[in-house]
Structure formats: structure tokens, C-alpha cells
1. One residue is enough: does region 113-122 have a residue meeting the conditions over 21 Å from Ala67 (Cβ atoms) and acidic (Asp, Glu)?
2. With Gly35, Gly3, Gly52 as the choices, which residue is on the phi > 0 side of the Ramachandran plot and either among the β-branched types (Val, Ile, Thr) or modelled with pLDDT of 90 or more (or both)?
3. Taking the stated definitions as given, is Thr93 polar (S, T, N, Q), out of contact with any Phe, Trp or Tyr (no Cβ under 7 Å at 6 or more places or on another chain), within 19 Å of Leu58 (Cα to Cα) and not in a loop (DSSP other than H, G, I, E, B)?
4. From the residues in region 67-90 that are surrounded by fewer than 22 Cβ atoms within 10 Å (Cβ to Cβ) and hydroxyl-bearing (Ser, Thr, Tyr), which one is modelled with the highest pLDDT?
5. When region 250-286 is examined, which residues are found to be charged (D, E, K, R) and in a loop (DSSP other than H, G, I, E, B)?
6. Need pairs with beta-carbon distance below 9 Å; first residue within 18 Å of Gly218 (Cα to Cα) and within region 229-244, second of a type in the set (Asp, Glu) and not in a helix (DSSP H, G or I); sequence gap 6+ or separate chains.
7. With among the charged types (D, E, K, R), buried (at least 20 other Cβ atoms within 10 Å of the Cβ) and under 30 Å from Ala261 (Cβ atoms) as the only criterion, which of Glu150, Glu101, Glu188 stands out?
8. Scanning for something at pLDDT 95 or above, over 17 Å from Ser208 (Cα atoms) and of a type in the set (D, E, K, R), does region 108-125 turn up at least one residue?
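The values are calculated or read from the model by the stated rules, or taken from the named source; none is laboratory data. The structure presented is a predicted model; accordingly, all values stated were derived computationally and were not measured. Here the Cβ positions follow ideal geometry from the backbone for every residue, glycine too, while neighbour counts run over all protein chains shown.
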Amino acid sequence: MLGVFTAARMPRNAMLSAFVDHTAVMLSADTGFFGPDTELWRVLCERTVVMGGLRALLMHAAHPLVAAATAESGMYERDPVRRHERTLRLTFTLIFGGRQEAAEAAAQINVAHRSVHGIDKRTGLAYDARDPELLLWVHASLVSSFLLFERLTIGRLDDRGRQQFHEEAIRMAGLLGLPASCAPERLEDLSSWIDATIGSGILQPTPSSRTLLGIVRGREGGAPDYRSRAVGFMALHSLPAPLRDLYEVDHSRADDRRLAALGGALKVSRLVLPPKARYIGPAICAYARLRGETASVAQAEVLPQRWRERDAQ
């Protein structure tokens with residue numbers, strides 16, 4: 001599999017600089033729908049930010065209609081970590097892939113969504129994977145989680161950068177059927193919408209949320225090699241307070257301090273990591289493509305190897 005930084009013999013600092021050096025990028029290369037000058041690229045290339053995807057999954061699983069739609073895929077019932085990676089790989093192909101790769105990934109997701117609809121037996125409510133309100137909850141959960149983990153583990157973005165990330169993410173969501181008119185234009189309004197959704201009472205424990213909680217806490221047999229306790233702690237304890245209560249998470253000021261300490265440790269450690277450890281596979285492949293090398297974003301690994309099951313096929 002491609003995705004390893006090619007200048008393996010370069011000094012570590014030079015490797016990191018070359019990875020993001022736009023002078024090394026071919027001007028005629030296919031930058032896809034976004035490109036290296038967007039905040040989507042700059043933020044989501046970092047593994048510590050992508051850790052926030054677990055927080056977003058917890059938010060998704062707490063929405064009964066999103067959980068019902070997800071349950072049709074059996075995501076939480078068999079090999080959930082690997083299924084989550086396949087979902088992330090498609091999502092990041094939209095961002096880091098060339099135009100053809102990204103278009104194919106969007107089409108694959110949209111075709112899959114067309115057949116996902118029905119009645120949730122627990123609430124009696126109808127769900128449809130193409131429902132703009134459900135799409136917005138999925139989108140808002142990801143945006144808020146990625147931006148929170150950016151602040152915890154990197155801290156580069158100011159308010160203007162966060163707003164730019166939000167606007168670019170709306171464009172990405174548009175590729176998956178979310179009308180731009182349904183998404184708040186300002187990031188603070190998206191945060192208010194999340195709070196209003198939580199306050200509406202729609203969120204509740206679901207079979208999916210209970211299974212996911214077991215995985216995060218290491219009690220679920222479906223993912224025996226999931227070992228990232230620190231990431232699970234950060235995902236659970238960074239949830240909004242009502243969702244922590246929904247997941248029965250005991251949270252104190254000591255947990256706030258631990259959350260800040262873990263984020264601070266990641267801020268420092270990520271700076272000395274080699275590119276293969278610091279950046280996600282799709283981003284590494286994307287920069288390789290821009291340098292004129294052959295690299296498939298759609299086949300790149302997203303999650304660390306230790307998160308996957310030894311015996312998964």
C-alpha cells in the first residue's frame with residue numbers, strides 16, 4: 001500500500017517541512033475539490049484531530065434516527081472499528097482525493113444512502129439517510145468534534161480559521177446531499193443548533209450507543225484489539241454535559257484537568273513524530289500525488305494499525 005513518505009532518509013524536521021511545502025507541489029497536479037490551501041486539508045491531515053471522529057460517533061449513536069439508519073449497515077455489530085475506518089476513508093477521499101476519486105467516493109456514499117430508510121421501532125419515527133436534518137446532525141457532530149480536537153491538540157486556528165473550516169466543510173457536505181441552505185452560515189450558529197438539538201429531547205440511549213460505549217471502554221468483544229484508552233477518555237469527557245449524562249459518564253474538574261493535560265501532551269509529541277505517524281494516510285497520499293507520484297487516497301489507511309482486530313478479514 002502506498003502512503004509512506006518517500007524521502008525516508010531526510011532528517012525529521014526536513015521531512016515535516018517538505019510534507020507541507022507547497023513549492024514541492026506540482027502546479028499542474030490534480031488538487032481535487034479542495035486542495036492544500038484549504039483549512040480542511042491543513043486541519044484534517046493531523047491524526048490528533050481525526051481522533052475527534054470517535055466523539056462524533058458517540059454523538060451520532062445518541063440520535064435514535066441516525067442510529068437506526070446506521071444499524072442497517074450493521075456497523076456496530078461486527079468489526080465496528082474496521083467499518084468506521086471504511087467510512088472515514090470514503091469521507092477523507094472527498095477531501096484529499098483527486099477529482100475522479102472524490103467524485104467516485106461521493107457517488108458511492110450517495111448510492112448507499114438511497115436505500116437507507118424506514119421506521120425506527122423504538123420511537124415510531126421515520127428515518128431517511130438523505131433527510132437534511134439527519135445529515136446536518138452527522139455533519140455538525142463531525143465539524144464540532146474535529147474543531148474541538150484541533151483546539152485541544154494543536155491550537156493553531158483562530159476564529160477566522162475556524163469559520164473558514166466550517167464553510168469548507170459545508171461545501172464537502174453538499175457533495176453528500178446536504179443543501180447549503182440547511183446549514184447555518186456561521187460556526188457559532190451551528191454550535192447553537194447543536195445545543196438546541198440536544199435540548200429538544202430527541203437524543204437518548206440506543207442499542208448503538210450502548211455498543212459503542214462498550215467498545216470505547218474496552219468491554220465490548222467486537223473489537224478486542226481496540227487499545228486507545230486515552231482517545232476514548234478524551235471522546236467521552238469532551239462531550240457536551242447532557243451527552244455525558246446520557247452515556248452515564250462521571251465527570252469532575254479533575255477530568256477537565258486530565259483532558260487538558262492529554263491535549264497538551266499531544267500538542268508537544270506530534271511535533272517530533274515522523275510524517276507517517278503524525279499525518280493520516282489519505283493526506284500523505286494526497287501530497288504524494290501532488291508531487292507527481294502514484295498514490296491512491298481511496299486505499300490509504302486512516303486509523304492506526306493497533307486499533308484494528310488481528311483476525312479481521
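1. First pass over region 113-122, keeping only residues over 21 Å from Ala67 (Cβ atoms): none.
No; the residues of region 113-122 include none that is over 21 Å from Ala67 (Cβ atoms) and acidic (Asp, Glu).
2. Values: Gly3 fails: either among the β-branched types (Val, Ile, Thr) or modelled with pLDDT of 90 or more (or both); Gly52 fails: on the phi > 0 side of the Ramachandran plot.
Unique residue meeting the criteria: Gly35.
3. no
4. Residue satisfying both the conditions and the ranking: Thr87.
5. First pass over region 250-286, keeping only residues charged (D, E, K, R): 250, 253, 255-258, 267, 270, 276, 278.
Result: Asp250, single match.
6. Hits for this filter: Arg244/Asp250.
7. Numbers: Glu101 fails: under 30 Å from Ala261 (Cβ atoms); Glu188 fails: buried (at least 20 other Cβ atoms within 10 Å of the Cβ).
Only one candidate passes the filter, namely Glu150.
8. no
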